[in-house]
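So the structure is just underneath, and the comments pick up after that.
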């Protein structure tokens, strides 16, 4: 309709199925392009990379990468056109309905609707004080503005009262509704026409990295116009099981719309399959990077650096394969990364990090590595294993570490995520392990105390814990024999003073006067020491870790500080601990090496 003046007849006769059919044709092209890109990447390029090393092979790989970009661009842009056309058809449906309703009312009253949208009404007999008066017919011209948009009439003498034809008011109302429907449809048409115009590509376009960035901006533009349709259908406030049922019931073309156009709406939605979340978040990642790059503050720059590092890792071959299950810039940043497919693995662990964790370079290089090390170790125990790092909450920074607020806010989100793992895993009874390190162990403990406990969890691992908010392992929603604790002798966090000690003597004085408040020496800041006999968990062997301070002949005085707190997952620094974690996650907890309680 664009480029011409929209008439009420054109709106009345519009067939949304024509727009939807055109959209489906673009969807077919988009789908074929996606399939071709997968074939180029996974069959041609991957096989060549694995088997050939030469200049000619490198040249061919360069051409294949260019071909892959071309297919990626086609897939994205054709999908955007399809979404835009379908949303256009949906948005025009309401003004078309209003128009047809007005036309039906005019026909019922035997009014005539003219080409310009005006409405003629017949003469009528009107009763007055002087008797019945014949009032002539007339013609009402519609006003497309809403009543509140119309300028108030200028003050002046009141017009003379004349007998009114009772049909005049009815005709005016119908003419106004026709005008408003046409105006609304014209506004919609102009908005969508502008969006489609921006999707036009130049002839002979060379698809480069910057072109793909433009495609990401095109996606954002289409999302701005069509997002209401996509967002309205998502059952975001329902359980992960309900979300999965909703997703499974969608037609394939609608799923593609969410993945390509609104990836941020489903990329972090618990109950959506891992492979889908991964693809959606990979689509959303460059958009988020572009948004952060436009900001000029330290927090945004920190997150931007981390996101770019994650993007680089996603482009590299990974064993086990990486799955990006969540990403965002909320609070201190969000990132949920799996190593191995958590939907197909029989054994899945989800690790909650603690003090000081945020979306920065250290998280990408160190914290994510812990999850990968766990996955590698667990797959040696059982190849069907996957491990996840879950930064789905604001872990406390140094100033907030004594507060329980972050744990209380993070616990429901963690339980929702675990319920999602349980819903999407394809195994009959997957083995799920909750892992909490440092303050993250307190978050896991808080999650376990929620109604129903941690969904689907079979085992709980607590590492470097300052307490978990309960006095007994059996209070964590599983049998105490399924609660495992790693506590290095030189890890100061596992010997954190109680709240009473802190209030009385402070962090240093509590080391001297601690027995006044904790005679059994088995309490920590957030409750009973998980490594104590009174708590009742299984304590597995770990390396004692570097002492707080030591003397080296070559380097003199060395401060260990928090080193013992940070090496539980590392197979190089603490092979005993890493192996024990892997045995538990891999479903063979009876193979762990145990250690006496404190």
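The values are calculated or read from the model by the stated rules, or taken from the named source; none is laboratory data. Model, not experiment: these values are computed from the prediction. In this analysis, Cβ positions are derived from the backbone assuming ideal geometry, glycine residues included, and neighbour counts consider all displayed protein chains.
Looking at 340, 333, 328, which one is over 19 Å from residue 426 (Cβ atoms) and touching a helix residue (DSSP H, G or I) at 6+ places or on another chain (Cβ under 6 Å)?
When all the criteria are applied, what remains is 333.
What do you reckon, is residue 301 at pLDDT 95 or above and either more than 24 Å from residue 222 (Cα to Cα) or assigned to a loop (DSSP other than H, G, I, E, B) (or both)?
For residue 301, the condition - at pLDDT 95 or above and either more than 24 Å from residue 222 (Cα to Cα) or assigned to a loop (DSSP other than H, G, I, E, B) (or both) - is met.
Under the condition of being surrounded by fewer than 17 Cβ atoms within 10 Å (Cβ to Cβ) and within 18 Å of residue 196 (Cα to Cα), which residue from segment 6-19 is farthest from the chain's Cα centre (by Cα)?
18
Tell me the helices (runs of 4 or more DSSP H) entirely within segment 15-134 that contain at least 2 residues that are under 30 Å from residue 231 (Cα atoms), out of contact with any helix residue (DSSP H, G or I) (no Cβ under 7 Å at 6 or more places or on another chain) and assigned by TED's automatic domain parsing to the domain that holds residue 189.
Once the helices (runs of 4 or more DSSP H) in segment 15-134 are filtered for at least 2 residues that are under 30 Å from residue 231 (Cα atoms), out of contact with any helix residue (DSSP H, G or I) (no Cβ under 7 Å at 6 or more places or on another chain) and assigned by TED's automatic domain parsing to the domain that holds residue 189, what remains is 16-38, 55-108.
Of 314, 359, 288, which residue is modelled with pLDDT under 95, in contact with a helix residue (DSSP H, G or I) (Cβ under 7 Å, 6 or more places away or on another chain) and either in the same structural domain as residue 526 (by TED's automatic domain parsing) or within 17 Å of residue 387 (Cα to Cα) (or both)?
Only one candidate qualifies: 314.
Examine segment 163-174 for a residue that is at pLDDT below 70, more than 30 Å from residue 421 (Cβ to Cβ), surrounded by fewer than 17 Cβ atoms within 10 Å (Cβ to Cβ) and not assigned by TED's automatic domain parsing to the domain that holds residue 83, and state whether such a residue exists.
yes
Among the residues of segment 242-261, is any under 26 Å from residue 375 (Cβ atoms), part of a helix (DSSP H, G or I) and out of contact with any strand residue (DSSP E or B) (no Cβ under 8 Å at 6 or more places or on another chain)?
Of the residues in segment 242-261, the ones under 26 Å from residue 375 (Cβ atoms) are 243-244, 247, 259.
Checking the rest, the ones that are also part of a helix (DSSP H, G or I) come to 243-244, 247, 259.
Cutting the leftovers down to out of contact with any strand residue (DSSP E or B) (no Cβ under 8 Å at 6 or more places or on another chain) gives us 259.
Yes.
Can you go through 539, 588 and tell me which one is modelled with pLDDT of 95 or more and touching a strand residue (DSSP E or B) at 6+ places or on another chain (Cβ under 7 Å)?
Selected residue: 539, the only one of 539, 588 that is modelled with pLDDT of 95 or more and touching a strand residue (DSSP E or B) at 6+ places or on another chain (Cβ under 7 Å).
In the list 220, 224, which residue meets the criterion of being exposed (fewer than 13 other Cβ atoms within 10 Å of the Cβ), modelled with pLDDT under 85 and assigned to a helix (DSSP H, G or I)?
Among 220, 224, only 224 is exposed (fewer than 13 other Cβ atoms within 10 Å of the Cβ), modelled with pLDDT under 85 and assigned to a helix (DSSP H, G or I).
What is the one condition in (1) buried (at least 24 other Cβ atoms within 10 Å of the Cβ); (2) touching a helix residue (DSSP H, G or I) at 6+ places or on another chain (Cβ under 6 Å); (3) closer than 25 Å to residue 571 by Cβ that residue 410 does not satisfy?
Every condition holds for residue 410 apart from (3).
When residue 238 is evaluated against the numbered criteria (1) at pLDDT 85 or above; (2) in a helix (DSSP H, G or I), which criterion, by number, is the only one it fails?
(2)
If we scan segment 385-399, do we find a residue that is surrounded by fewer than 24 Cβ atoms within 10 Å (Cβ to Cβ), out of contact with any helix residue (DSSP H, G or I) (no Cβ under 6 Å at 6 or more places or on another chain), under 30 Å from residue 245 (Cβ atoms) and in contact (Cβ under 8 Å) with a residue 60 or more places away in the chain?
No, segment 385-399 contains no residue that is surrounded by fewer than 24 Cβ atoms within 10 Å (Cβ to Cβ), out of contact with any helix residue (DSSP H, G or I) (no Cβ under 6 Å at 6 or more places or on another chain), under 30 Å from residue 245 (Cβ atoms) and in contact (Cβ under 8 Å) with a residue 60 or more places away in the chain.
Could you check, for segment 267-290, whether at least one of its residues is more than 15 Å from the chain's Cα centre (by Cα), surrounded by fewer than 20 Cβ atoms within 10 Å (Cβ to Cβ) and more than 16 Å from residue 424 (Cα to Cα)?
Yes, because at least one residue in segment 267-290 is more than 15 Å from the chain's Cα centre (by Cα), surrounded by fewer than 20 Cβ atoms within 10 Å (Cβ to Cβ) and more than 16 Å from residue 424 (Cα to Cα).
Would it be correct to say that residue 421 is in a helix (DSSP H, G or I) and in contact (Cβ under 8 Å) with a residue 40 or more places away in the chain?
yes
Looking only at segment 448-459, how many residues end up being farther than 16 Å from residue 577 by Cβ and in contact (Cβ under 8 Å) with a residue 40 or more places away in the chain?
So the answer is 2.
So which residues in segment 356-379 are under 14 Å from residue 438 (Cβ atoms), in a loop (DSSP other than H, G, I, E, B) and touching a strand residue (DSSP E or B) at 6+ places or on another chain (Cβ under 9 Å)?
357, 358 - these are the residues of segment 356-379 that are under 14 Å from residue 438 (Cβ atoms), in a loop (DSSP other than H, G, I, E, B) and touching a strand residue (DSSP E or B) at 6+ places or on another chain (Cβ under 9 Å).
Looking for something surrounded by fewer than 18 Cβ atoms within 10 Å (Cβ to Cβ), outside any helix (DSSP H, G or I) and in contact with a strand residue (DSSP E or B) (Cβ under 8 Å, 6 or more places away or on another chain) - is there at least one such residue anywhere in segment 308-322?
yes
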